[in-house]
Every structure is written in structure tokens, then in C-alpha cells.
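Undergrad: My questions will all concern the structure given below.
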Amino acid sequence: MILARMLDFTDFDTRGYRTVDVATGYGQWVGTYEDTVEDAMDIALLDELAAPAWGSVRRAADLGCGTGRTGAWLRRHGVPSIDGVDLTPEMLDKARERGAHDSLAQGDVRATGLQAGAYDLVISSLIDEHLPDLRPYYEEAWRIAAPGAACVVIAFHPHFIMTSGMPTHFTSESGEPIAIATHIHLLSDHVSAGLGAGWRLAEMREGVVDERWLAVKPKWEKFRNHPVSAALVWRKDA
Ligand SMILES: C[S@@+](CC[C@H](N)C(=O)[O-])C[C@H]1O[C@@H](n2cnc3c(N)ncnc32)[C@H](O)[C@@H]1O
């Protein structure tokens, strides 16, 4: 049996923001979410991946789809059918307006209710830090994946959370910075959880705070070249 190490964010927290749960936090952040999340975090990594061949994906499950940023990227890259699941109704409303998904359902990425073995791509962007344990996520992704499927996970890099001491957070309408419950997963936690669920790791990339980042976040000069996000591409060997 593979034991999971659970690191506690509070050991690294330098901000001390009031913390709320996922649905409460994203329900309040939704109005400004798209103005604050940077494409350099996730879209830039998707652009760099050698695989999967996006144009040959037939049906994708976008777990933790949020407002549909990933779904829109997948559509632009030729994916014809995308089902999205998210915990936060307000984020789903925005995704519905965007119209990138064929279906959108409120649900948990660890128990999606989606059809078993039906998807040749399972993808999640920037949700891992909200899961206390990664294993139920990778197991559910495996359950809904078809033989030969890919699972693409874009993660908030643990090094960045630790070194910045910063949780996932937003500024409320009243101007208060509010944290959304954040968990730290070492990259080896991803590897253990993914392998434990049956996946084979096919590709991995890390994004660093580069010029593109500094152009939008000049205050991050102190983090120049620190890893900030990671992409893992998994395969369910047929
Ligand atoms: C940072 S946003 C990312 C949204 C989208 N994937 C993107 O890249 O813009 C995190 C999303 O994950 C969702 N989420 C977090 N934990 C979840 C869970 N256990 N099940 C379903 N959705 C979850 C939140 O509601 C939120 O919409």
C-alpha cells in the first residue's frame, strides 16, 4: 500500500488570511476570477505539451472545469465533445454562458457520476491544491477513462506555495483578501497517487516565473525562475 504524506499549509502560511471552503470561495471569486487567473499558470503549459494529440481526442472530461477556460482551449484545439464537472454552481453558470462544454454538472471530481470508461481524455487544471488527498481524484479519473486514455493534470507547484507562503486567494467585494482551503502536494505525491490508481506517467513539465509572468506580475521579481506550476500527462495503457 502507498502511504500519502499530508503536508499542512498552515506550516507555510505567511498571509494569515481568513479561509473559506471551495464552494464559498469560488462562489464569491467568480465575478473577478477570469481577470486574476493568469494563462501563464496553466494555458502556457498546455501549449507546451508534446502529447496528447489534442485533435484526435473524441470525448473529454474536464474535472473542476470552473468558468470553462480549459474547455475553451480544448475546443480551439479540436476536441469535439467535452463534459465538465465542478463543485461551485456560480462557476458552472459562467461556463454555461461560455458554451465550450456539451454538458456541465455540479459534482465532485472524486465522485463525478460520469460514465465509466467513456473518456479518452480526462483533464483538470488548478484544482489539486483544493484536494486534501490526491488518491480519490486519480482513482475517479481512472474509472471514467477509456483504455488508452490520457489524463492531464495542471497543478499549482508545491514549491511555490511553500516558498511564497501564499494560499489560493482572492479579494472580496469589500476588499478583504480571502483564502480558499489550500493543500500542499509534493510532485512525488502526484506520482504515487497516479501510479497507485494504475496510470503510467508519460510526460511532465514545470512552469517557472519567467518574463511572461513578470510582465503581468512585476512584484514577483523575487520569485524569478521559481517553479510555479506543473503539468503531468498520464496514460491508461490499453
Ligand atoms: C482555480 S479554479 C480552476 C478552474 C478551471 N479549471 C480553470 O483552469 O480556470 C478551481 C476550480 O475547482 C473547483 N473544485 C475544487 N475542488 C473541487 C472538487 N472537489 N470537485 C469539483 N470541483 C472542485 C472549484 O469550484 C473551482 O471552480
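Quick note: the coordinates plus some simple rules give every number you see, no bench work behind them. Remember, predicted model here, so these are calculated numbers, not experimental data. All Cβ positions, glycine included, derive from the backbone under ideal geometry; neighbour counts span all protein chains shown.
Undergrad: Once the piece of chain linking SER172 and GLU97 is laid out straight, how much longer is it, given 0.36 nm per residue of separation minus the C-alpha distance between them?
TA: Fully extending the segment from SER172 to GLU97 adds 24.7 nm.
Undergrad: Let me ask another. Can you pull the percent of Cα pairs in segment 138-230 with separation above 15 Å?
TA: Taking all Cα-Cα pairs of segment 138-230, the fraction more than 15 Å apart is 69 percent.
Undergrad: Separate question: Just to verify a number: FRET efficiency for LEU195 and ASP11, C-beta to C-beta distance, R0 = 25 Å, to 0.05?
TA: E(calc), rounded to 0.05, equals 0.40.
Undergrad: Hey, could you get me the Stokes-Einstein D for segment 41-119, Kirkwood radius over alpha-carbon pairs, 37 °C and 0.692 mPa s, rounded to whole µm² s⁻¹?
TA: D, rounded to a whole number, is 257 µm²/s.
Undergrad: Suppose each label sits 7 Å from its Cα in the direction of the beta carbon; what would the ALA105-SER56 distance come out to in nanometres?
TA: Each label point lies 7 Å from its Cα, and together they span 2.8 nm.
Undergrad: Next up: Report, in deg cm²/dmol and to the nearest 500, the calculated mean residue ellipticity at 222 nm for the chain, where each DSSP H run with n ≥ 4 adds -39500 (n - 2.57) and the sum is divided by the residue count.
TA: Computed ellipticity for the chain at 222 nm equals -8500 deg cm²/dmol.
Undergrad: Under a GNM of the chain (C-alpha, springs under 10 Å), which listed residue has the highest mean-square fluctuation: ALA23, ALA215, ALA40?
TA: Judging by the Gaussian network model, the answer is ALA215.
Undergrad: Given 0.36 nm per residue, what is the gain on full extension from GLU90 to ALA116 after removing their alpha carbon distance, in nm?
TA: 6.7 nm
Undergrad: Right, here's the next one. Name the most mobile residue of ALA141, ALA105, ALA44, meaning the one with the largest mean-square fluctuation, in a Gaussian network model of the chain with Cα contacts below 10 Å.
TA: Most flexible of the set in this elastic network: ALA44.
Undergrad: Related question: Using all alpha carbons of the chain, what is the percent of pairwise distances in each 5 Å bin, ordered from the shortest bin to the longest?
TA: 1, 7, 14, 19, 22, 18, 12, 6, 2, 0, 0
Undergrad: Suppose each label sits 7 Å from its Cα in the direction of the beta carbon; what would the SER188-THR163 distance come out to in nanometres?
TA: In this crude spin-label approximation the distance works out to 1.9 nm.
Undergrad: Here's something else I'd like to know. Put +1 on the Cβ of every Lys and Arg and -1 on every Asp and Glu Cβ in segment 9-228; which of MET166, LEU49, LEU87 then has its Cα farthest towards the positive end of the dipole?
TA: Farthest towards the positive end: LEU49.
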